[in-house]
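Taking it in order: structure first as structure tokens, then the write-up.
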Amino acid sequence: MDDSVRQNLIDAGCDEELICKFDECIADKKKCEKLLADHRRRLLEEVHAGEARIECLDYLVFKMKKDGLE
């Protein structure tokens, strides 16, 4: 595997297991694309979960201000 590809996978948050799987399937473009798509989906789920937590905090701050608890 090219060093720049490996670094890109690391930068994208891929763990060593995923990097090895990617390296093993490098000849099978469809399988590699599925691995990357699955990882992307997991990252997006994490983003959405974080957004939901932020919304809860924002609501709590709003409620505190409304109720005069700031």
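At-a-glance table
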item: Exclusive hit being among the aliphatic types (A, V, I, L, M), out of contact with any Lys or Arg (no Cβ under 9 Å at 6 or more places or on another chain) and farther than 27 Å from Met1 by Cβ, set Ala27, Ala52, Ala37; result: Ala52
item: Residue tally, condition surrounded by 12 or more Cβ atoms within 10 Å (Cβ to Cβ) and without any contact (Cβ under 8 Å) to a residue 12 or more places away in the chain, over segment 11-36; result: 6
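Read-outs: derived from the displayed coordinates by stated rules, not from any lab. Since the model is a prediction, treat every value here as computed from it, not as a measurement. Heads up, the Cβs are rebuilt from the backbone with ideal geometry, glycines too, and the neighbour counts pull from every protein chain shown.
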